[in-house]
Amino acid sequence: MIGQARGAESTQDSAPRRGRSSLARRRATAGFLTTVPALVLIVVFFVVPLFLTVWMSLHNWPLLGNFRKFVGAQNYSDAFSDDVFRQSLLFTLKFAVVITPIQIVVGYALAALVRKRFRGVAAIRATYFAPVVVGFAAGAYVFLVMVQPESGLFDQVLHAFGLGPVPWLTSSGWALVTVVLMTTWKTLGTAIILMMIGMQAIPEEINEAAVMDGTKWWQREVFVTLPLMKPTIALVLMLTLTGSFLAFDQFFVMTHGGPNQSTTTVVMWIYTSAFVRYRLGYSAALSVILMALLVALTIAQVRALRDRSEGEEK
């Protein structure tokens, strides 16, 4: 009798377990099915093109005709001996080094100004963010009109103060300055919005406690807000560096890589190799090298942020 009772109890206990496991399986299946469309898009628009790019980089692949020839790592060897590619890589790095601090410092400062609610703050935020919705090519054409010699808005303003004209696009240094101004105007809104969201996510109790301790506003900014903003700043840094290394539209429209290829970015040289020189295999190899650099850069940033966070927790 006792054994039968125990058997009945175990049967009753196993039934709910089977029901829970069956429900968990159904939920897991439903969850997987909801991700299938996204997985298909990733495979079609990322995985397949990635493998095709790597495969093309191992061939002499002309733009026209069916004269593909397997060359192995020859395209990669040519890339590392290509003076223009090295120059474009150095210029892209220079552009990233110039634009990144501007995005972070100016973005942080402007976000600090509009993080509080006051009359008209919504209009100010919209003004900051409005250029983000403008395409890079359209924004570059707007700046191209404004920097025209003598007739452009920039030279007209300088002329009113007895200055100018300035060789905005005919000098290597000024061409970089012009594109940096255009890129800052176009992308700064994203940095501001991200910084503002990070600031507003900080609990108000922390600032109130700092105020009660008698700290000044700059002390709260440096010793309270800024340390808590490190993840947001790291995100802005990562997005800005990645966007800088992929810069193309603004240089293509405004400088065409000139003067004398001094403002040719990596992506511009990839485009030129593929659609001007008709060397798809070589441009694919350049794309793979650029992708490897971006992946390494991103991993380094993520590890540095993680190590710093673990050190602070200890």
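Observations
- Net lengthening on full extension, Arg27/Val43 (0.36 nm per residue, minus Cα-Cα): 3.4 nm
- Helix-only mean residue ellipticity at 222 nm for the chain, each DSSP H run of n ≥ 4 adding -39500 (n - 2.57), per residue, nearest 500: -24000 deg cm²/dmol
- Karplus-derived 3J(HN,Hα) values for the range 169-181, using 6.51 cos²θ - 1.76 cosθ + 1.60 with θ = phi - 60°, are 10, 9, 10, 4, x, 5, 4, 5, 4, 4, 5, 4, 4 Hz; glycine and proline are entered as x.
- Computed P(r) (all Cα pairs; the range 54-95; 5 Å bins; percent): 6, 22, 18, 18, 17, 11, 6, 2
- Size of electric dipole in the chain: Cβ of Lys, Arg +1 and of Asp, Glu -1, about Cα centre, debye, nearest 20: 1060 debye
- The listed peptides 174-182, 281-289, 195-203, 59-67, ordered by packing as a protection proxy, come out as 281-289, 174-182, 195-203, 59-67 (highest mean of other Cβ atoms within 10 Å first).
- Anisotropy class of the chain from Cα gyration tensor, a/c 1.5 cut: oblate
- Distance cut-off 20 Å, percentage of C-alpha pairs in the range 54-133 lying past it: 63 percent
- Charge dipole of the chain about the Cα centre (unit charges at C-beta), most positive-ward option of Leu239, Pro203, Val44: Val44
- Amide H contacts of His59 (H built 1.01 Å from N, in plane; Pro and chain starts excluded): Val71 sit under 5 Å, all sequence-distant by 5 or more or on other chains.
- Comparing Tyr108, Ala175, Ser283 along the charge dipole axis of the chain, the residue lying farthest to the positive side is Ser283, per the Cβ-charge model.
The numbers here are math on the coordinates, done by the rules we state, and not lab data. These numbers come from a predicted model, not from an experiment. Positions of Cβ are backbone-derived with ideal geometry, glycine not excepted, and every protein chain shown enters the neighbour counts.
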